[in-house]
Amino acid sequence: MTINTGTPDYIFNLGMGFWASKTLLSAVEIGVFDVLAVAPANLGSLRKQLSLHDRSAQDFLDTLVALKVLERDNGIYRNAPDADLFLDKAKATYIGGPLQMANSRLYGFWGSLTEALRTGEPQNETKADKDHFATIYANPEHLRRFLATFTALSASAAQVIATTFPWKDYASFVDVGTAQGIVPVTLQHAQKHLKGIGFDLPPVQPAFEEFVMHHGLAEKLRFQAGSFFTDAIPNADVVIMGHVLHDWDLAQRKLLLGKAFAALPEGGALIVYDAMIDDDRRENTFALLMSLNMLIETKGGSDYTAADCESWIREAGFSAVRRQSAGGPDTMMIGIK
């Protein structure tokens, strides 16, 4: 979307970016890409299949064409190649989980960003004196979407960890905050000798076991229920913490890193990955925006620089700390006990 307003285009586009964002989110919500993955269709057919109003249908679909997620030839709409691959729920490559959560939860909460900036208080369910994690975990559908979001967000990092870390030197791992288990599944597929544990809260267990069974790894990977604040982290040669530390304040992060240190043998390794802010705090836009999201979603969470993370890991007792890209906006920190 580019409009000549007499001001630099990027300023206008940034300010009005929510137009395009919500159009895409609504398209995912009502199943545009799922319907067109089955067969291309004309305006009248899509209007009926998607239950669109006569007034909205053509402008909505043609906006998606202009946004390059749909194509239209001779009045027939079809998915653009990337949309067909990544936004059709029936495909294994589907990455719409984070978009579904953004639509159902985050979009509304971000409307209160100004309040969050001025008060430092979260703007989600906690405004009604509710624990947002407890609220999500109490609703099976919300929990399913929440866990699927972390599968999509961690898939790239899981591949990097599986293929670049020296797993030949280790026999076991525990994935802390495992969600559906994309990291354990990816590691086991790539490194057959490994024994793995997914560690998370009890309500997550059915989703983990279903995901692991779907990948044929029910006999290779196991779930251990617990809270990483009140329970010990299971012992293993490698402890993995992905997209965990940014949920919590500094004291809680240090507590978790101390627990990871206690769970490891001498020579064991810690892997932390997150969308870490670049040390100069000006390049990783996603990480900085994610940190604002943590302001909206948590009491004390935020994203952090790789340099900060390295200092906390060293303070916990680890040595030979190093960093590397974990794919996309994520950075991976590795420390050895």
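Quick notes on this structure:
- Qualifying residue in segment 138-153 (condition: surrounded by 16 or more Cβ atoms within 10 Å (Cβ to Cβ) and touching a strand residue (DSSP E or B) at 6+ places or on another chain (Cβ under 6 Å)): no
- Residue check for A155: in contact (Cβ under 8 Å) with a residue 12 or more places away in the chain and assigned by TED's automatic domain parsing to the domain that holds T230: yes
- Hits in segment 301-337 - residues which are at pLDDT below 95 and surrounded by fewer than 20 Cβ atoms within 10 Å (Cβ to Cβ): S319, A320, G327, G328
- Matching helices (runs of 4 or more DSSP H) fully within segment 214-328 where at least 2 residues are outside the structural domain of L194 (by TED's automatic domain parsing): none
- The residues of segment 105-124 that are surrounded by 15 or more Cβ atoms within 10 Å (Cβ to Cβ) and of a type in the set (G, A, S), listed by number, are S112, A116.
- Qualifying residue in segment 216-224 (condition: out of contact with any Pro (no Cβ under 7 Å at 6 or more places or on another chain), surrounded by 19 or more Cβ atoms within 10 Å (Cβ to Cβ) and over 22 Å from A326 (Cα atoms)): yes
- Search result, residues across segment 96-129 that are at pLDDT below 90 and on the phi > 0 side of the Ramachandran plot: D129
- Qualifying residues in segment 164-213 (those that are among the polar types (S, T, N, Q) and touching a strand residue (DSSP E or B) at 6+ places or on another chain (Cβ under 8 Å)) - the one surrounded by the most Cβ atoms within 10 Å (Cβ to Cβ): T178
- Residue list for segment 92-124, restricted to those being within 18 Å of the chain's Cα centre (by Cα) and outside any helix (DSSP H, G or I): A92, T93, Y94, I95, G96, N124
- Residue within segment 204-214 that is farther than 24 Å from K89 by Cα and of a type in the set (A, V, I, L, M, F, W, C) present: no
- Meets criteria (surrounded by 18 or more Cβ atoms within 10 Å (Cβ to Cβ), under 20 Å from P98 (Cβ atoms) and under 28 Å from the mean Cα position of the chain (by Cα)) for A80: no
- Of the set (1) in contact (Cβ under 8 Å) with a residue 40 or more places away in the chain; (2) within 20 Å of F133 (Cα to Cα), all apply to A275 but (2).
- The criterion of being among the β-branched types (V, I, T), surrounded by 17 or more Cβ atoms within 10 Å (Cβ to Cβ), more than 30 Å from L288 (Cβ to Cβ) and outside the structural domain of N139 (by TED's automatic domain parsing) holds for V35.
- Test result for K127, within 15 Å of E297 (Cβ to Cβ) and surrounded by fewer than 16 Cβ atoms within 10 Å (Cβ to Cβ): yes
- Residue satisfying all of: in segment 60-77; crowded, with 19+ Cβ neighbours inside 10 Å and in contact (Cβ under 8 Å) with a residue 40 or more places away in the chain; nearest to V35 (Cα to Cα) among these: Y77
- Unique match (being assigned by TED's automatic domain parsing to the domain that holds V160, hydroxyl-bearing (S, T, Y), touching a residue at least 12 places away in the same chain (Cβ under 8 Å) and farther than 19 Å from F133 by Cβ) among T178, T186: T186
- Members of segment 173-195 that are of a type outside the set (D, E, K, R) and not in a loop (DSSP other than H, G, I, E, B): F173, V174, V176, I182, V183, P184, V185, T186, L187, Q188, H189, A190
- Which numbered condition P166 fails, given (1) under 16 Å from Q224 (Cβ atoms); (2) without any contact (Cβ under 8 Å) to a residue 24 or more places away in the chain: (1)
- For segment 247-272, taking the residues that are among the acidic types (D, E) and without any contact (Cβ under 8 Å) to a residue 60 or more places away in the chain, the one that is farthest from E125 (Cα to Cα) is identified as D249.
The values are calculated or read from the model by the stated rules, or taken from the named source; none is laboratory data. Remember, predicted model here, so these are calculated numbers, not experimental data. A quick note on method: Cβ atoms are made from the backbone with ideal geometry, for glycine too, and the neighbour counts reach across all protein chains shown.
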